[in-house]
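To keep things clear, I will list the structure first and then write my remarks on it.
Please treat every number below as a calculation from the coordinates, not as lab data. Model, not experiment: these values are computed from the prediction. Positions of Cβ are generated from backbone atoms using ideal geometry, with glycine treated the same way; all protein chains shown enter the neighbour counts.
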Amino acid sequence: MGTRNTGVLRLLPISRRGVIKAGAGAAAFGGLGLRGASMQVSAQDGGEVVFLSTQLGQVTEAEAMRSTILADFEGEVEFITEDLGPFNDRIAAEAQAGSGSVSLIGGQHGDFASFAADGLLMDLSDLATELQDRNFPEQYLELARYGGESLAFIPWMQATYVMAANRSALQYLPEGVDEAALQTSLTYEQLSQWIMAINEAEGPKFGLPVGEMGLYHRFLQGYAYPSFTGGLNTTFTSDAAVGMWQWLQDAWQYANPQSVNYDNLSDPLLTGEISVGWDHTARLINALRENPDNLIAFPAPRGPEGLGFLPVVAGLAIPNTSPNPEGARALIEYLTRPEVQAVTLQQVAFFPVVEGELPEDLGAGVQAEVAAVQATTSDPAALQSLLPVGLGEQGGAYNDVFKATFRAIVLDGSDDIPGVLAEQAVNLQAVLDTAGAACWTPDPASDGVCQVGSGGAATPVS
Amino acid sequence: MRGQRLGWAPYALLLPTLAFLAVFFAMPMVRALGLAFRDADGGWSLSSWDTMFGDARFREAMTTTLLLIVVIIPVQFALAMAMALVINARLKFSGLWLYIYAIPLGISELAAGIIWYAIFTQQGWLNSILESVGVLDRPFIFLNYQNQGWLIFCIVMAEAWRATSIIMIILVAGLQGIPRDYFEAADVFGATAWQKVRRVTLPMLRPSVQVALILRTILAFQAFAVVLALAGSGTTVLSAEAYRWYYDIRDSQVAAAYASVILLLSIASTILFLVLLPTREEQMG
């Protein structure tokens, strides 16, 4: 296959059949000449569009957005980024006031949940029909309905999490694992042996983003739990989960203790404070771009239950109080064009959600990530999770339970892992009850509120 | 002098300021603190206080905050006093010293935190210098949450660098307000430099010291960005917890409870300083 980037870049291997179908679709696809394809939504002047987003908030990303990605849009876009807190406050306030200044909002699918529940967003089903030829993954459109009828957002881009390592660490790989094997068969057990060998030679050089803004809770939710236990909430206190936490506690001895300072792993990888780490593709891209010769990217390891991984979907929604809904729709159409999606990938390392051929000149860093992501999604053992659905305002509290568990077991080194899990299971159930959330992948669907359990027979936590 | 009736004019002139303070400070503050005593439905309840006290990180936040204050304030006060005396001695280049000391005042708290992170981090300035000089073979991890002593040391260094100038400026102003007569009288009595400092300067400086300590302690309770930059999630302080509960966990009641704790501690320390450092009439000039 080499390094040619043809084909659909999908992060959802719904089934083997789905992958083959997607491949067939790609084969039937033309080249990059998509600008000429017929689109019912025409690119007319969108006027002034105020675009408020929780995504692409980092300075370099926002700059790339304004100067490159939005450059060809016919209309004037004011791209504003906010953290989730102020973002929520602003949209809620505009809804309450009955009129607003924000025409289009962009965020992760979890960011829109409370707005969708309160009916603050326009139904975009007709827009989705007009943009049918984009072929958004059906699963993302399903997510966008939040269990109801109205389509709250149009998928905008997606991302996932991969591992990165410095080439200098490859000499410490365990027996039987070479650089090629990293892309296809690294297990958590082998990862332990690897970082232990690095520790003996050079000191603790494994990194996880455990900073205050770090995404280590996603590692637990979308990678560690599914890979070891095959579930998340329903297997929270299972024996397999205890095994997973034990693995993490042991691996932590070989992790750089400054990980508690790391919000992203790009800087530590570049300075050499860590040589192996796991993080979000957008938070690794700086390192991979600046040092492509020495840094490699590869899929997360696989556990007993498979290669758990977590795609993150970002979407575009139009609030009811939007002053320029036509401009917002034009901007949605623009941002979901395959060529703009390709530019987005190249600039900020967020992956497309539409079908299309990827350009050749993505740059070494993005290329490495694309390869790692494709290796993840096409792996036969891939076990895809979803970001929590239906948590609304409780999203932060939900993540906080995982962070607290991590703190107690890994940072403070508790010897009573089952005890900590039992304690935190109560908090987890309380969050799920308050949110009224049903189970989501990797857990099997549930009637009613998801029950935290120990896998197997679903015994509710008392 | 005070016998003259002032009439209503002064009070009328004060009214706009009072109105501004009432609308933009007092009312929001009362409402925010009221949040701490309500539950999610709006009824009165102490549930958010229960949650706060029961939270695993509350104790850590409280201990770290108090520890930082107990260590930082004396260190900064001693440093500021020395700096103020240097400036007030009107040595050569004392004007230059003032500018150098005041540089950290122009930097935001987070920027200062990031600068000191770059110094203390494993591959940072301090380790590079120590390694090149030969004191260390391998970089030492100063910012190690497992070694709270070093972590607190780093935070104290960063805060001392960043905020001592505030105290120094107040003390310089106080020093310049001491009438020369006292020093001349001390010279007549044959006092040494140290005796002058102990017997004339420090007592006369009490009002300024009181103001500086109160101000600095209140600001120290709110210190947050430096701790975040240097310690990450390795330790936490009260204001960081208030931020986390509001922005991450989206529970404004518990965040308000944390803010109330900060307010109570600030009031308590202010009263403490007012009691410990009473100022007599003649010192007020």
Next item on the list: Take the alpha-carbon centre of segment B:170-208, take the same for segment A:429-443, and report the distance between them in whole Å.
Entry: 68 Å
Item checked: C-alpha long axis of helix A:338-348 to longest principal axis of chain A, angle in ° -> 50 degrees
Note to self: List the residue ranges in chain B for DSSP H helices whose C-alpha atoms run 27 angstrom or more along the long axis and whose Kyte-Doolittle average is 1.0 or above.
What the structure shows: B:56-88, B:148-176, B:252-276
Item checked: Label-point gap, in nm, between A:Ser150 and B:Ser128 - each point 7 angstrom along Cα→Cβ -> 5.6 nm
Item checked: Global form of segment B:85-193, assessed from the alpha-carbon gyration tensor, a/c cut-off 1.5 -> prolate
Check: If you build a Gaussian network model of chain B, linking Cα atoms that sit under 10 Å apart, which residue out of B:Leu68, B:Leu33, B:Leu46 swings the most?
Finding: B:Leu46
Note to self: How would A:Glu76, B:Glu60, A:Glu355, A:Glu149 line up from fewest to most surrounding beta-carbon atoms within 10 angstrom?
What the structure shows: A:Glu149, A:Glu76, B:Glu60, A:Glu355
Note to self: Let's test the formula: R0 of 35 Å, r as the Cβ-Cβ distance of B:Ala191 and B:Leu96. What FRET efficiency results, to the nearest 0.05?
What the structure shows: 0.75
Next item on the list: Name the long-range amide H neighbours of A:Ser53: under 5 Å, sequence gap of 5 or more, or other chain; modelled H, no Pro or chain starts.
Entry: A:Ile80, A:Thr81, A:Glu82, A:Gly106
Notebook entry, point to check: Once phi is turned into ³J(HN,Hα) by the Karplus curve 6.51 cos²θ - 1.76 cosθ + 1.60 with θ = phi - 60°, what whole-Hz value does each residue of segment A:377-389 show in order, with x for glycine and proline?
Noted result: 6, 8, 6, x, 8, 5, 10, 7, 9, 10, 4, x, 10
Note to self: Could you give each residue of segment A:199-207 its phi-based ³J(HN,Hα) in whole Hz, using Karplus coefficients 6.51, -1.76, 1.60 with θ = phi - 60°, and x for Gly or Pro?
What the structure shows: 4, 4, 7, 10, x, x, 10, 8, x
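Which of A:Lys403, B:Lys196, B:Lys92 comes first, and how do the rest follow, when ranked by fewest Cβ neighbours within 10 Å?
Least crowded to most crowded, the residues run B:Lys92, B:Lys196, A:Lys403.
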Check: Say a site is exposed when it is one of the chymotrypsin sites (Phe, Trp or Tyr not before Pro), sits in a DSSP loop, and has at most 10 other Cβ atoms within 10 Å; what is then the longest site-free stretch of chain B?
Finding: B:190-285
Check: Simple spin-label model, 7 Å along Cα-to-Cβ: B:Leu67 to A:Ala181 in nm?
Finding: 4.4 nm
Item checked: Backbone N within segment A:159-195 under 15 Å of label point (7 Å from A:Gln246 Cα along the Cβ vector) -> A:189
Check: So which residue, out of B:Arg31, B:Arg59, B:Arg216, gets the largest mean-square fluctuation from a GNM of chain B using Cα contacts under 10 Å as springs?
Finding: B:Arg31
Next item on the list: Work out the mean other chain Cβ neighbour count within 10 Å for the residues of B:140-146 and drop it here as an integer.
Entry: 4
Next item on the list: Calculate how steeply helix A:84-97 sits against the longest principal axis of the alpha-carbon atoms of chain A, using the helix alpha-carbon long axis, and give the answer as 0 to 90 degrees to the nearest 10.
Entry: 30 degrees
Notebook entry, point to check: For peptide A:393-401, how many partner chain Cβ atoms fall within 10 Å of a residue's Cβ, on average?
Noted result: 4
Note to self: Compute the distance from the alpha-carbon center of segment B:230-246 to that of segment A:203-248, in whole Å.
What the structure shows: 22 Å
Notebook entry, point to check: Helix A:239-252 sits at what angle to the longest principal axis of chain A, using alpha carbons and giving 0 to 90 degrees rounded to 10?
Noted result: 80 degrees
Next item on the list: Assign one of three labels to chain B, namely rounded, prolate or oblate, based on the Cα gyration tensor with a ≥ b ≥ c the square roots of its eigenvalues; rounded applies when a/c is under 1.5, prolate when it is not and a/b is larger than b/c, and oblate otherwise.
Entry: oblate
Next item on the list: For segment A:105-176 and segment A:258-310, compute the distance between their C-alpha centroids and round to whole Å.
Entry: 21 Å
